[in-house]
1. Going through segment A:71-96 one residue at a time, which ones are among the polar types (S, T, N, Q) and assigned to a strand (DSSP E or B)?
2. So which of A:F52, A:F100, A:F115 ends up being hydrophobic (A, V, I, L, M, F, W, C) and part of a loop (DSSP other than H, G, I, E, B)?
3. Can you spot a residue in segment B:57-71 that is touching a strand residue (DSSP E or B) at 6+ places or on another chain (Cβ under 8 Å), facing another protein chain (nearest Cβ under 7 Å) and over 25 Å from A:W54 (Cα atoms)?
4. For segment A:39-66, which positions are under 16 Å from the mean Cα position of the chain (by Cα) and without any contact (Cβ under 8 Å) to a residue 40 or more places away in the chain?
5. Restricted to segment A:61-70, and to residues that are part of a loop (DSSP other than H, G, I, E, B) and of a type in the set (A, V, I, L, M, F, W, C), which residue is surrounded by the fewest Cβ atoms within 10 Å (Cβ to Cβ)?
6. Can you give me the number of residues within segment A:81-128 that are surrounded by fewer than 21 Cβ atoms within 10 Å (Cβ to Cβ), of a type in the set (A, V, I, L, M) and farther than 15 Å from A:V56 by Cβ?
7. Have a look at B:H85, B:H67 and point out the one that is modelled with pLDDT under 95 and touching a Lys or Arg at 6+ places or on another chain (Cβ under 9 Å).
8. Which one is surrounded by the fewest Cβ atoms within 10 Å (Cβ to Cβ) among residues in segment A:9-60 that are within 12 Å of chain B (Cβ to nearest Cβ) and of a type in the set (D, E, K, R)?
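The values are calculated or read from the model by the stated rules, or taken from the named source; none is laboratory data. All values derive from a computational prediction rather than experimental measurement. Positions of Cβ are backbone-derived with ideal geometry, glycine not excepted, and every protein chain shown enters the neighbour counts.
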Amino acid sequence: MIASTDDSLVWEDIPVGHTHAWEITVTQDAVNAYCDGAQDYNPWYGPSSSPFGWPVVPPMLISRLCRFTLAPLGKMTGWIQVLHRNGILVPVAVGSTLAFVGEVSAKERRRGKPFVNLRAVATNASSGVAVFEQTSEYICRERP
Amino acid sequence: MPIGHHLPGISRRIGIDQLRSRTFSGYNPIHWDQDYARARGFAGPIATGQLLTAYMQEMIVGFLGVHAFSNTTFTCRYRAPAHLHDTITTGGVVTDRVAERNGTRVTIDVWCSNQNSVHIVSGVVSSLVRPRP
């Protein structure tokens, strides 16, 4: 068992029902960093255009931006994601500001392991249109 | 997009630049710290599952084009870790087509395997393919 660091979250302290809201503007720089990490240099992701008429955000970048539900409580250091379900609702233009709302939807022990489930929804902050939704499941750490 | 059609896969070798990347690493040392990852029971640093999903997304965008950006669900289960220097290959096969009011709902089984042909991620993509205007 690894000792918990000061701000790393453990299963016992995760409150089901906890919610957190945050906003992120998806800049071309953030998209470029995603493309470098994924080694995916599709020209639709900018800086030139796409069939939509503008550079489009890679959906899995939005998936990564859904991960801040627990940020006010601490870090998910050592957690391991085992499942996620992404709902890709509409294309998102690079430069859009997205408003996220995340929630701890459940936690349980299965086969002796501690699981936490999170849910997040992203909407376009300007239009209010829902653009992305995600549910995810993690095996997290326990208190030593 | 006939049922049984296999998507062209892509292969990527996971380097330290990917594990340390701003997007796919973050603060979690399990993705870049050898000692920490070993203490957690792994052979070494492991890639975040979403990096593997990004590889599959590239394959899906190549296959579905604009349809991959709306009315799509993408479910993944991470079954085994991907380590530094692993070579990951994606795959996919069309498993269903159902006519809907606004187009055809296409279901695709997707996966990632490593250089030992072990399936480390399995998933399902469901996307509404609309007719061209």
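1. Our first condition is that a residue be among the polar types (S, T, N, Q); within segment A:71-96, this holds for A:77, A:81, A:86, A:96.
Within segment A:71-96, A:Q81, A:N86 meet the criteria.
2. A:F52
3. No, that holds for no residue.
4. Passing the criteria: A:V57, A:P58, A:M60, A:L61, A:R64.
5. A:F68
6. Going through segment A:81-128 one residue at a time, the tally reaches 8.
7. Details: B:H67 fails: modelled with pLDDT under 95.
Answer to the check: B:H85.
8. Step by step, filter segment A:9-60, then rank; the result is A:D29.
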